[in-house]
Amino acid sequence: MNWIHPLLLVSLILLGASIDSTKADITWPEYNQQCRDDAGPPYLDDSPNEKYHDGSAAYPVLAQNGECAEPMKAACSSRPDAKTAYLEGPISCGGNGWYCRIFNDEANGWENINQTLADINFGQCNNEDAFEDAGFDQDGHCHGSSDDSTYYWWIRDHWHRQYNGKVRCCCGWFEGGTQPLYGRRIANRCDYRRLVTKNENVNNCRDANEDHGMGFDDIGCDPQYRNQIGQAIPEDDSVCWEIERFGFTENGKCTWQVLK
């Protein structure tokens, strides 16, 4: 897929936001799934007219024609702008869930503030070490879920934890799409966020990212894909989307001058 240059893209996003600032929004998320250990301010204290990511450098990676990625098209049409759609959803993965990988992006001017390197947890299935060792975990941070609605809560939590970097997300945890995580062609392991149901007392939830036994833990890359070693993984952009400059910083700014 051909991408728009970051400087031009940000200009288009800002222009679109100024033109379309009165666009109606949907009620999303549908209900509170924030657990006690989630980072950031309490969701119930949010102002209806202010997003936690307002003013940040984060931006959605759009196609060269300016369209949103396929799993984000419905959200882009129902939310005020593409940035809100990509950072909040709702994603359109057919109820099959999602998984995201956060990569260090210091080479492009986005400083690793805190956790991306401190909590790296997976290996890409084009790294020989990821095939040899199902617990190899030096390529970035991976997290996902089998429920589409958890996407908002994971993004919000990891944003405030400062898992800063470039985010690539794709549809399909167990199944769905063309490259579900359990197809074992993308990553050797990945953390999981469980659904907090409407009937639960959310005050009793300590951490939806732990103590559920649902993680893609040390399962490893399928040996049939060893031909990917040293090559770019042939991913399907039609089931994936990307966010640049992800994560909280004190000034919300980006070192744009490094982009040539």
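The values are calculated or read from the model by the stated rules, or taken from the named source; none is laboratory data. Owing to the predicted nature of the structure, the values given are computational and were not obtained by experimental measurement. Ideal geometry is used to build each Cβ from the backbone, glycine not excepted, and the neighbour counts take in all protein chains shown. Protein only, heavy atoms only, side chains kept; ligands, DNA and RNA dropped before computing areas. Shrake-Rupley method; radii C 1.70, N 1.55, O 1.52, S 1.80 Å.
For the reader, a short list of remarks on this structure follows.
- Within the stretch 71-127, the set of residues being closer than 12 Å to Phe246 by Cβ, within 15 Å of the chain's Cα centre (by Cα) and open to solvent by 40 Å² or more (accessible area, probe 1.4 Å) comprises Phe103, Asn104, Gln115.
- Failed criterion for Asn227 (all others in (1) under 17 Å from Phe122 (Cβ atoms); (2) in a helix (DSSP H, G or I) hold): (1)
- Of all residues in the stretch 43-56, those satisfying the criterion of being in contact with a helix residue (DSSP H, G or I) (Cβ under 8 Å, 6 or more places away or on another chain) and either assigned to a loop (DSSP other than H, G, I, E, B) or open to solvent by 100 Å² or more (accessible area, probe 1.4 Å) (or both) are Lys51, Tyr52, His53.
- Among the residues of the stretch 11-31, those identified as surrounded by fewer than 15 Cβ atoms within 10 Å (Cβ to Cβ) and either part of a loop (DSSP other than H, G, I, E, B) or at pLDDT 95 or above (or both) are Asp20, Ser21, Thr22, Lys23, Ala24, Asp25, Ile26, Thr27, Glu30, Tyr31.
- Residue within the stretch 191-198 that is of a type outside the set (A, V, I, L, M, F, W, C), touching a residue at least 24 places away in the same chain (Cβ under 8 Å) and open to solvent by less than 10 Å² (accessible area, probe 1.4 Å) present: yes
- For the stretch 152-184, the set of residues classified as in a loop (DSSP other than H, G, I, E, B), open to solvent by 10 Å² or more (accessible area, probe 1.4 Å) and small (Gly, Ala, Ser) consists of Gly176, Gly177, listed by residue number.
- Filtered by the rule that a residue be aliphatic (A, V, I, L, M) and surrounded by 12 or more Cβ atoms within 10 Å (Cβ to Cβ), the stretch 204-240 gives Ala208, Met214, Ile219, Ile229, Ile233, Val239.
- With respect to being at pLDDT 95 or above, in contact with a Leu (Cβ under 8 Å, 6 or more places away or on another chain) and surrounded by fewer than 21 Cβ atoms within 10 Å (Cβ to Cβ), Ser149 fits the description.
- Within the set Cys125, Cys100, Cys169, the sole residue that is in contact with a Phe, Trp or Tyr (Cβ under 6 Å, 6 or more places away or on another chain), closer than 26 Å to Cys205 by Cβ and in contact (Cβ under 8 Å) with a residue 12 or more places away in the chain turns out to be Cys169.
- For first residues located in the stretch 135-150 and without any contact (Cβ under 8 Å) to a residue 24 or more places away in the chain and assigned to a loop (DSSP other than H, G, I, E, B), partners that are among the acidic types (Asp, Glu) and open to solvent by 10 Å² or more (accessible area, probe 1.4 Å) and lie 6+ apart or on another chain with Cβ distances below 9 Å form the pairs Gln138/Asp129.
- If you go through the stretch 192-229 and pick out every residue that is under 18 Å from Ser146 (Cα atoms) and either β-branched (Val, Ile, Thr) or in contact with a Phe, Trp or Tyr (Cβ under 8 Å, 6 or more places away or on another chain) (or both), you end up with 12.
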